[in-house]
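The values are calculated or read from the model by the stated rules, or taken from the named source; none is laboratory data. On a predicted model such as this, the values are computed, not experimentally measured, just so you know. A quick note on method: Cβ atoms are made from the backbone with ideal geometry, for glycine too, and the neighbour counts reach across all protein chains shown. We work out accessible area using only protein heavy atoms, side chains counted, and drop any ligands, DNA or RNA first. Shrake-Rupley method; radii C 1.70, N 1.55, O 1.52, S 1.80 Å.
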Amino acid sequence: MIKLIKQHSTFNPPVILASLLLVLFLSITSLIIPSKFQETLFAFREFVSVNFGWFYILTVGIFLIFIIFLALSTLGDIKLGLDDEEPEFSFTSWLAMLFAAGTGVGLMFFGVSEPLSHLKSDVTLVDGVHSAQQAVFLAMFHWGLNAWTVYGIMALALAYFGFRYKLPLSLRSCFYPILKDKLNGGFGHSIDAIALIVTIFGIMTTLGFGAAQLGAGLEHLSVINSNNLLVQIILVVALMSIAVLSAISGVGKGVKIISEINVVLALLFMLFVLFAGPTLHILQAFVDNFGYYLAHIVTTGFDTYAYEPQNQEWFNNWTVLFWAWWLSWTPFVGLFIARISKGRTIREFIFGVLVIPTIFTIVWFSIFGNTGIFIDNTVANGALNQLTGTPEKLLFAFLDYLPASSISSTLACLILGLFFITSADSGIYVLNNIATEDKSKSIPKWQCIMWGLIMVIITISLLSVGGLDALQSVTLIMALPFGILLLIMCYSLWRGLMHDEAYFSTDTHVTAQYWDSKNWKRGLSKILNQTTQADILQFLKYTALPAMYQLSHELTEEYGFKTTLNRDFHEEDAFCEICIEIENMRNYTYGIKAVKKEISEHMIDDSSLPHIQDSETVIPMTYFSDGRAGYDVQYMTRDGLIMDIIKNYERYLSLLDEVGAEMMAHDQEELGE
């Protein structure tokens, strides 16, 4: 079995077998003895929520304090990748994918229903009156800063160790400073197996919400007669098929395109409600809500209602469940966010992942939540509040009180369908990533199909025995051990960042002979003649490569070192490099590559700079195995290059005796598609 898995897939056998056996056991049990399974499941859920609610609150609070500290400290300047790497996606595309993969389905499901649900609960009583502001705030609290903090801490650790340390983009890599070589043993397999199981059920919960609400919308539009289990199964199968096709196209294509389309539609939908509803009231409420949120987010974030026993049931059914849901979603959303965040600084990453989505959440609930409460109080005469027990129907009943309800309901169904597809698409990518042993390999398309089938089977089996309650129960239970694991991960991330700062703050010895009395004419000639690809190829062939040959010969013949010279003089990706082998550490590499640099239009048009004719120039840039930023070496002579390689090598060796051992005691690995 293990041999077959290794031959025909990218799966890590211990991780995939352990995870699928547990998932298969739960699915079969739920179908064979549904009533007993449901009874046991709900009993476990009650035990966890009552006895460990405080733990969920404290854990998320620690995450928030830690991640804000990182953003405000000098550690925020560290890049998620090499120092000279640029982001793969534009800022707007990045934000669109964050939103679509993070909370898209949930905001559609709970945008109207959650504030109305809180409004009739005792938790919103202020001076004996149910407070609409408190009801909307609690919804924002559940979906805002705290939720994205959980996503952010996971994504940050994954992106940091994956792109900075060049470790595989997997959860086990986040524990590298603690486990070191044990990452590839039983500890590492256990971490990935837990992450895989938690991710599967976290995704299932979201897809269950999406299928239930989409079915309700189609029933509302008279497309179907009844939103029963069979209809939801058909919807899950149909939408999952589209998601699989999108996943096969690759994360940079399918998810990006669908996410951007869906965010535009969601914004149009939100603007429609804003202008079709009580616009002035919504705008006033938004300002109030924003201030109220800032004033109460800290105290509410640590509130376990220990002094309000009458609200304990609400606390367990809402806040604890949401915090467990976010924890169970961290591998899913975290891995996806990490995958699209390469090249951003830690500060930019935290700002994008925490601040922007939180502001959007406040806007969303101000529009949908406040409009829902306003309509229920002034027009519907409490009719909307009576539907809080069936939240999947509430959004469409709410739209009936606005103009063009059939059009807006159709748009809502389209948005829900696309959110379902992006969530499933992203989920397939993440599940493949967690279960894959060698992250540098391309994923076979059949594995995407397999995960689609597994998600369909699990969603159907759990929907058939207990609906959304069963999905939520499994999520809450699975999140408990994972929360403990994430706290340990925070300590590991802290250690990694400390080693990083110590390592990269050491000055680089750039020792090139840029200018002296012997080569100033040569340097001046280079400045006054725009370098082309051909010039850099000449430099690589007749200056850089001979210098590396000469040094390699000296190291090999005189000192017995093992060295390797690599080069490729194809015009687009020309490079040459020398690699010096180091036992038990990452080999030292000093390379030079041709890099194109754009020239601004005003310099080309400037008549006082006649030597600048082309819109781009090409320069020889260094690169290193430890990921430091490179620099231009076109003014160096052959001897100057040899000295530069030696002194950078000396720096590398001196640091290996200290913090370098923490960062370089593993082989680097690049991420495959």
For this session: Kindly state which helices (runs of 4 or more DSSP H) lie completely within the stretch 254-341 and contain at least 1 residues that are open to solvent by 60 Å² or more (accessible area, probe 1.4 Å) and either of a type in the set (Ser, Thr, Tyr) or in contact with an Asp or Glu (Cβ under 9 Å, 6 or more places away or on another chain) (or both).
Result: 279-301
Problem set entry | Given (1) open to solvent by less than 20 Å² (accessible area, probe 1.4 Å); (2) modelled with pLDDT under 75, number of the condition Asp657 does not satisfy | (1)
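Residue by residue, here is whether (1) at negative phi; (2) at pLDDT 90 or above; (3) in contact with a Leu (Cβ under 6 Å, 6 or more places away or on another chain); (4) not hydrophobic (A, V, I, L, M, F, W, C) holds:
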site	(1), (2), (3), (4)
Leu271	yes, yes, no, no
Phe275	yes, yes, no, no
His281	yes, yes, no, yes
Ala306	yes, yes, no, no
Thr330	yes, no, no, yes
Val333	yes, no, no, no
Ile340	yes, no, no, no
Ile362	yes, yes, no, no
Thr371	yes, yes, no, yes
For this session: Give the residues of the stretch 179-236 that are charged (D, E, K, R) and either in contact with a strand residue (DSSP E or B) (Cβ under 8 Å, 6 or more places away or on another chain) or surrounded by fewer than 23 Cβ atoms within 10 Å (Cβ to Cβ) (or both), sorted by residue number.
Result: Lys180, Asp181, Lys182, Glu219
Problem set entry | 3 or more residues more than 30 Å from Asp438 (Cβ to Cβ): qualifying helices (runs of 4 or more DSSP H) within the stretch 126-182 | 132-143, 145-159
For this session: Say whether the condition of being modelled with pLDDT of 75 or more and within 20 Å of Glu650 (Cβ to Cβ) is met by at least one residue in the stretch 474-495.
Result: no
For this session: Scan the stretch 76-90 and give yes if some residue there is of a type in the set (S, T, N, Q) and modelled with pLDDT under 80, otherwise no.
Result: no
Seminar exercise, completed: Filtering the stretch 256-311 for residues that are free of Cβ contacts under 8 Å to residues at least 60 places away in the same chain and under 29 Å from the mean Cα position of the chain (by Cα) leaves a count of 9
Problem set entry | Test for Asp644: is it at pLDDT 80 or above and touching a strand residue (DSSP E or B) at 6+ places or on another chain (Cβ under 6 Å) | no
Exercise. What pairs can you find where one residue is in the stretch 51-66 and farther than 14 Å from Leu485 by Cβ, the other is open to solvent by 60 Å² or more (accessible area, probe 1.4 Å), and their Cβ atoms are less than 7 Å apart, with a gap of 6+ or different chains?
Worked result: Ile57/Phe302; Gly61/Phe302
Exercise. Do we have Ser442 as over 27 Å from Gly217 (Cβ atoms), of a type outside the set (A, V, I, L, M) and in contact (Cβ under 8 Å) with a residue 60 or more places away in the chain here?
Worked result: yes
For this session: Give the stretch 611-646 a look and list any residue that's charged (D, E, K, R) and over 34 Å from the mean Cα position of the chain (by Cα), or say none.
Result: Asp614, Glu616, Arg638, Asp639, Asp644
Problem set entry | the stretch 382-411 residues that are among the hydroxyl-bearing types (Ser, Thr, Tyr) and open to solvent by 20 Å² or more (accessible area, probe 1.4 Å), paired with ones that are modelled with pLDDT of 90 or more and part of a helix (DSSP H, G or I) (beta carbon under 6 Å, 6 or more apart) | Tyr401/Ile375; Ser405/Leu399
Exercise. Restricting attention to the stretch 38-51, does a residue exist that is surrounded by 13 or more Cβ atoms within 10 Å (Cβ to Cβ) and modelled with pLDDT of 90 or more?
Worked result: no
For this session: Determine which single condition Arg172 fails, assuming it passes every other condition in (1) in contact with a Leu (Cβ under 6 Å, 6 or more places away or on another chain); (2) under 13 Å from Ala338 (Cα atoms).
Result: (2)
For this session: Within the stretch 250-264, identify whether any single residue is out of contact with any Gly (no Cβ under 7 Å at 6 or more places or on another chain), at positive phi and at pLDDT below 90, and answer yes or no.
Result: yes
Exercise. Any chance the stretch 378-388 includes a residue that's aliphatic (A, V, I, L, M) and more than 27 Å from Ala285 (Cα to Cα)?
Worked result: no
Exercise. What number of residues within the stretch 342-352 satisfy the criterion of being at pLDDT 90 or above and part of a helix (DSSP H, G or I)?
Worked result: 6
Problem set entry | Single residue of Leu95, Leu75 found to be under 22 Å from the mean Cα position of the chain (by Cα) and open to solvent by 30 Å² or more (accessible area, probe 1.4 Å) | Leu95
For this session: Considering only the stretch 510-601, give the strands (runs of 3 or more DSSP E) lying wholly within it that have at least 2 residues that are under 21 Å from Tyr623 (Cβ atoms) and modelled with pLDDT under 85.
Result: 588-598
For this session: State yes or no: is Ile578 under 28 Å from Asp535 (Cβ atoms), in contact (Cβ under 8 Å) with a residue 60 or more places away in the chain and touching a strand residue (DSSP E or B) at 6+ places or on another chain (Cβ under 8 Å)?
Result: yes
Exercise. Do we find a residue being open to solvent by 10 Å² or more (accessible area, probe 1.4 Å) and at pLDDT 90 or above anywhere in the stretch 109-117?
Worked result: yes
Problem set entry | Scan of the stretch 422-448 for residues that are more than 19 Å from Val15 (Cβ to Cβ) and at pLDDT 80 or above, ordered by number | Lys445
Seminar exercise, completed: Of the residues in the stretch 632-647, those that are open to solvent by 10 Å² or more (accessible area, probe 1.4 Å), out of contact with any helix residue (DSSP H, G or I) (no Cβ under 7 Å at 6 or more places or on another chain) and of a type in the set (D, E, K, R) number 3
Seminar exercise, completed: Picking from Gly61, Gly111, Gly106, Gly81, the residue that is on the phi > 0 side of the Ramachandran plot and small (Gly, Ala, Ser) would be Gly81
Exercise. Taking Leu399, is it at pLDDT below 90, under 20 Å from Ala266 (Cβ atoms) and of a type outside the set (S, T, N, Q)?
Worked result: no
